[in-house]
Amino acid sequence: MADSRFDTRWRVISASVAGPNHTSLGIENQDSLRQGAVGDGLHLLAVADGAGSQPRSAHGSRLSVEAAWEAADHVFARVPRTLGQWHEATARYAQACLDQFDELVERAITPLRNRPTATGVSTVSRAEFATTLLAIVADPPYFAYVCVGDGFLVMERAPGGSHLVIPPPTGRQTANETVFMTSAGRRDDLRSGLIVDTGARGLALCTDGLIDGMLDVSRGPDGIAYPCAPADFDAYFAAFRMPGVDGSELSRKLQSKEFAASSGDDKTMLMAVHR
């Protein structure tokens, strides 16, 4: 597939590291990411976080970003030309991500059903593939997004600096409250929409393992706490805009003692910066 228009103007840097909780137990990183050209010259950025409580969640997260890729390639086979077409395509993309994920999970489960084991017959459920998804199909100034679960997006714009434009759900207390791609109520909690911003200069898609390490908490006039991007988030975009700084530097940052202390979860960041 040919490069997207995005490739000529933006630089993508990514890193995904296992959290200290998983590392200490010898458990694989259950996050996944994918990025690249899709459809008619557009670009996909996607991250997913497999639920640590489920045995096939790492597989589920891989299927989640694969579903986002395949859905984008189909829905955006022809680039939208008007704002109305963009809104319509974004709505279809959100539905296609869910449908494609369901299809991929069913393909994965089918050969495992009723397989004899030493203790009886194997039964595999959809819940074992529990994962979140945050996906963006980009053709600046248009950014179509789909979010299931507690991933978040920080966008840098000029002028204006960094802002948390897709926050993690407020009131999140335990992993049991997270909505997954396998959850029965996922459609009610599905967040999707279209961002149109000619000033966009940076994107940072993050899984929930980075909430405590990357975001601040502020309080509104009513005293209610809400997450926000710290003022120094601009420094991340500035640092990774430099050609000599790559994904290995981002990996080292995510594996640092500072980030390890903020959360025991896996940590994934997919950044894109305007050149």
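The values are calculated or read from the model by the stated rules, or taken from the named source; none is laboratory data. The structure displayed is predicted, hence computed values, not measured ones. Every residue, glycine among them, receives a Cβ derived from its backbone with ideal geometry; neighbour counts consider all protein chains shown.
A few notes on this one:
- Residues (of a type outside the set (A, V, I, L, M, F, W, C) and more than 22 Å from I136 (Cα to Cα)) located in region 252-275: R252, K253, Q255, S256, K257, E258, S262, S263, G264, D265
- Positions within region 153-178 being β-branched (V, I, T) and either touching a helix residue (DSSP H, G or I) at 6+ places or on another chain (Cβ under 9 Å) or modelled with pLDDT of 95 or more (or both), in sequence order: V154, V165, I166, T178
- Residue in region 212-227 that is of a type in the set (S, T, Y), in contact with a Gly (Cβ under 9 Å, 6 or more places away or on another chain), more than 30 Å from S125 (Cβ to Cβ) and in contact (Cβ under 8 Å) with a residue 40 or more places away in the chain present: yes
- Boolean, G264 is surrounded by fewer than 20 Cβ atoms within 10 Å (Cβ to Cβ), assigned to a loop (DSSP other than H, G, I, E, B) and among the small types (G, A, S): yes
- Filter pass, S192 being more than 30 Å from E103 (Cβ to Cβ), assigned to a strand (DSSP E or B) and touching a helix residue (DSSP H, G or I) at 6+ places or on another chain (Cβ under 8 Å): no
- In region 219-275, residue farthest from D7 (Cα to Cα) [restricted to those that are among the charged types (D, E, K, R) and within 19 Å of the chain's Cα centre (by Cα)]: D265
- Number of the exception - L205 against (1) buried (at least 19 other Cβ atoms within 10 Å of the Cβ); (2) in contact (Cβ under 8 Å) with a residue 60 or more places away in the chain; (3) within 17 Å of L133 (Cβ to Cβ); (4) out of contact with any Leu (no Cβ under 8 Å at 6 or more places or on another chain): (4)
- Within region 16-36, the presence of a residue that is in a helix (DSSP H, G or I), basic (K, R), within 16 Å of the chain's Cα centre (by Cα) and modelled with pLDDT of 95 or more is excluded.
- The selection criterion, being in contact with a helix residue (DSSP H, G or I) (Cβ under 7 Å, 6 or more places away or on another chain) and within 18 Å of A272 (Cα to Cα), does not hold for L203.
- Among the residues making up region 207-253, those that are at pLDDT 90 or above, under 25 Å from C147 (Cα atoms) and among the hydrophobic types (A, V, I, L, M, F, W, C) are L210, I211, M214, L215, V217, C228, A229, F233, F237, F240, L250.
- Members of region 219-236 that are exposed (fewer than 13 other Cβ atoms within 10 Å of the Cβ) and among the small types (G, A, S): G220, G223, A225, A231, A235
- Verdict on S61 being part of a helix (DSSP H, G or I), buried (at least 24 other Cβ atoms within 10 Å of the Cβ) and touching a Leu at 6+ places or on another chain (Cβ under 9 Å): yes
- Evaluation of T198 against (1) farther than 24 Å from L33 by Cβ; (2) touching a Phe, Trp or Tyr at 6+ places or on another chain (Cβ under 8 Å) (one fails), failing number: (2)
- For the residues M214, M242, M181, M271, the requirement of being closer than 25 Å to G160 by Cα, in contact with a helix residue (DSSP H, G or I) (Cβ under 7 Å, 6 or more places away or on another chain) and hydrophobic (A, V, I, L, M, F, W, C) singles out M271.
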